[in-house]
Amino acid sequence: MHAPRRKFLTYANVLATLALFVALGGGAYAATLITGKQIKDGSITSADIKNGSLLALDFKAGQLKTGPSGPAGSAGTAGAPGAAGAPGAAGTALAFAHINADGTVDAANSKGIAAANVAKPGVGTYCVSGLTTLTPKNTVANVGPNGAAISAVTGLGAVLTCGVGTQVAIQAFDDLGVLGDNDIWLALN
């Protein structure tokens, strides 16, 4: 005769069978239920993460070290020229002139000062008069590249060797302080 099966169905056998079930299939069941909300912040360490499983996008900017810079690439082709810019604001000079070394006026580079306004009474001396549209209050003169002078001196009114009625007087000097003919760039305010 057979012994009744009840003999083997003990509390210990039931617990052992349940423990075997949990050991064999319980881990897979638990993995499907654990989410990031259930993991305590800061509790996962590098030992818990599979090597090579994280991507650069898993890190915040600046957390990963950058490698050395690669070699510079070749220069690209030049781009097309840009559109012309808007004209600049008008200058503040009320009048200006390029006076040639012989006392004539370069009309293409002058405004408000004509040949009739300039006299050359002597070497290196230029007198401006007859300016009816303005009364100069400030003068700036520079020597140009045509001649031996290296500096220019200006004055308002009948000064230097210019006579009565002169509005601006200019003298050009060489490096020894001797008057010399030279082209002059003049601006009046």
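The values are calculated or read from the model by the stated rules, or taken from the named source; none is laboratory data. All values derive from a computational prediction rather than experimental measurement. When we count neighbours, we look across all protein chains shown, and the Cβ atoms used for this are built from the backbone with ideal geometry, even at glycine. Each accessible area value is taken on the protein alone, full model and side chains, heavy atoms only, with ligands, DNA and RNA left out. Shrake-Rupley method; radii C 1.70, N 1.55, O 1.52, S 1.80 Å.
List of remarks:
- In the set (1) modelled with pLDDT of 90 or more; (2) within 30 Å of Asn138 (Cβ to Cβ); (3) out of contact with any strand residue (DSSP E or B) (no Cβ under 7 Å at 6 or more places or on another chain); (4) open to solvent by less than 80 Å² (accessible area, probe 1.4 Å), the condition left unmet by Ala108 is number (4).
- Residues within region 20-58 that are loosely packed, with under 10 Cβ neighbours inside 10 Å, aliphatic (A, V, I, L, M) and modelled with pLDDT under 75, tallied: 6
- Condition met for Gly157 (over 42 Å from the mean Cα position of the chain (by Cα) and either open to solvent by less than 50 Å² (accessible area, probe 1.4 Å) or closer than 14 Å to Phe96 by Cβ (or both)): yes
- Check on Ala93, open to solvent by 70 Å² or more (accessible area, probe 1.4 Å), within 30 Å of the chain's Cα centre (by Cα), at pLDDT 85 or above and at negative phi: no
- Sub-9 Å Cβ pairs linking a first residue in region 54-67 that is under 19 Å from Ile44 (Cα atoms) to a second residue that is open to solvent by less than 90 Å² (accessible area, probe 1.4 Å) and part of a loop (DSSP other than H, G, I, E, B), at least 6 apart or interchain, are Ala56/Leu64, ordered by first then second residue.
- Within region 60-76, the presence of at least one residue that is at positive phi, loosely packed, with under 10 Cβ neighbours inside 10 Å and modelled with pLDDT of 80 or more is confirmed.
- Filter pass, Ala158 being assigned to a loop (DSSP other than H, G, I, E, B), in contact with a Phe, Trp or Tyr (Cβ under 7 Å, 6 or more places away or on another chain), farther than 20 Å from Gly91 by Cβ and free of Cβ contacts under 8 Å to residues at least 60 places away in the same chain: no
- All positions within region 162-177 that are at negative phi and either in a strand (DSSP E or B) or free of Cβ contacts under 8 Å to residues at least 24 places away in the same chain (or both): Val164, Thr166, Gln167, Val168, Ala169, Ile170, Gln171, Ala172, Phe173, Leu176
- Those residues of region 129-151 which are within 13 Å of Trp185 (Cα to Cα), modelled with pLDDT of 90 or more and open to solvent by less than 30 Å² (accessible area, probe 1.4 Å), in sequence order: Thr139, Ala141, Gly144
- Conditions (1) assigned to a loop (DSSP other than H, G, I, E, B); (2) under 23 Å from Ala116 (Cβ atoms): number failed by Ile184: (1)
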